[in-house]
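Let me begin by presenting the structure, written as structure tokens, before commenting on it.
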Amino acid sequence: LVGFDAAGIWSAQGFVPVGRTNQANSFQGSFDGRGHAISGLTIDRPGEDYAGLFGRTHDATIANVGLEGGSVSGLSNVGGLVGYQGGGSITQSYTAGAVSGLNAVGGLVGAQNGGSIAQSYAAGAVSGDWYVGGLVGYQLGGSIAQSYATGAVESDNQVGGLVGRQNGGSIAQSYATGAVEGTDYVGGL
């Protein structure tokens with residue numbers, strides 16, 4: 001992949017996520033990465049919600065983009081690509097960097113509330129306290145299909161190799177292969 005190297009060009013807290021804080025300020029458009037990757041993206045905002053390349057989306061379309069290396073840290077709703085997905089779709093996209101936060105933390109998406117994720121994956125280590133998953137931290141509806149996670153996942157409560165907590169929605173033709181460690185409600189998938 002031909003990409004853009006984001007290492008070393010941001011402030012001490014790293015990149016400011018696109019679209020954050022509330023639905024009105026969410027990213028609501030369409031982004032097609034055309035098969036390109038961003039390498040070395042760093043977001044270091046452990047006291048802030050909605051961390052990811054896209055902090056919060058609403059009925060947005062994101063496709064054909066990858067994140068290689070780097071790291072994302074935040075408080076709640078933290079994902080490598082999207083912190084909080086409110087509807088819309090994510091297709092043929094991936095992340096391969098470490099993601100950490102407090103709750104609703106996922107390698108690709110922190111919290112999914114409707115919408116779809118398809119033909120996508122996450123390969124980095126993911127850690128947090130609650131609702132932590134290799135691909136999605138907290139699924140509140142929506143669908144996941146033909147997607148996978150391979151990174152190690154660590155949490156205290158409600159942790160899964162693919163999804164940390166599922167409360168509605170569907171998962172089809174998807175898998176997880178990373179090691180999973182936690183205290184309560186721990187699953188390989």
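Before moving on, here are some points about what is shown:
- DSSP-defined beta bridges in the chain - what % are antiparallel, rounded to 5: 5 percent
- Alpha carbon Rg of the stretch 63-108, scaled by the compact-globule rule 2.2 N^0.38 Å: 1.09
- Counting only protein chain heavy atoms and rolling a 1.4 Å probe, the accessible areas of His36, His58 rank, largest first, as His36, His58.
- Here the Debye sum runs over all C-alpha atoms of the stretch 111-189 as equal scatterers in vacuum, and log10 of I(q)/I(0) at q = 0.16, 0.17, 0.21, 0.22 Å⁻¹ comes out as -0.45, -0.51, -0.78, -0.86.
- Dipole size of the stretch 34-136 about its Cα centre, with +1 on Lys/Arg Cβ and -1 on Asp/Glu Cβ: approximately 200 debye, rounded to the nearest 20.
- Amide proton proximity set for Ser39, modelled H, under 5 Å, gap of 5+: Phe4, Asp5, Ala6, Glu68
- Taking the charge dipole of the stretch 1-150 about its Cα centre, with +1 at Lys and Arg Cβ atoms and -1 at Asp and Glu Cβ atoms, the residue from Ser73, Val105, Gln119 reaching farthest to the positive side is Gln119.
- Using θ = phi - 60° in the Karplus curve 6.51 cos²θ - 1.76 cosθ + 1.60, the 3J(HN,Hα) couplings for the stretch 102-108 round to 8, 9, 6, 10, x, x, 9 Hz; x is entered for Gly and Pro.
- Backbone HN-Hα couplings from phi across the stretch 75-84 [Karplus 6.51/-1.76/1.60, Hz, Gly and Pro as x]: 9, 10, 6, 10, x, x, 8, 9, x, 9
- Surface share of carbon and sulfur [accessible, 1.4 angstrom probe, percent] for the chain: 50 percent
- Probe 1.4 Å - accessible area at Arg20, Å² to nearest ten: 50 Å²
- Karplus-derived 3J(HN,Hα) values for the stretch 21-29, using 6.51 cos²θ - 1.76 cosθ + 1.60 with θ = phi - 60°, are 6, 8, 4, 4, 9, 5, 6, 10, x Hz; glycine and proline are entered as x.
- Charge dipole of the chain (Cα centre as origin; +1 on each Lys and Arg Cβ, -1 on each Asp and Glu Cβ, all else neutral): 360 debye, rounded to the nearest 20.
- If you model the chain as an ellipsoid using its alpha carbon gyration tensor, with each semi-axis the square root of five times an eigenvalue, the axes come out at 21, 17, 16 Å, biggest first.
- The stretch 42-131 shape via C-alpha gyration tensor axes, a/c threshold 1.5: oblate
- Among the protein heavy atoms, those of Thr61 account for about 60 Å² of accessible surface (1.4 Å probe, every chain in place).
- Rolling a 1.4 Å probe over the protein heavy atoms gives the stretch 1-156 an accessible area of 37 Å² per residue.
- Ranking of Phe31, Phe54 by solvent-accessible surface, largest first: Phe31, Phe54 (1.4 Å probe, protein heavy atoms only, all chains present).
- A cut-off of 5 Å between modelled amide H atoms, ignoring neighbours fewer than 5 places along the same chain, links Phe31 with Thr61, Ile62, Ala63.
- Mean separation of Cα pairs under 8 Å and 6 or more residues apart, divided by the residue count, gives the chain a relative contact order of 14 percent.
- Note on Arg45: accessible area is roughly 20 Å² with a 1.4 Å probe, heavy atoms of protein only.
The values are calculated or read from the model by the stated rules, or taken from the named source; none is laboratory data. Just so it is clear, the model here is predicted, and its values are computed rather than measured. Glycine gets a Cβ as well: all are built from the backbone with ideal geometry, and neighbour counts include every protein chain shown. Just the protein is used for accessible areas: all its heavy atoms, side chains included, with ligands, DNA and RNA removed. Shrake-Rupley method; radii C 1.70, N 1.55, O 1.52, S 1.80 Å.
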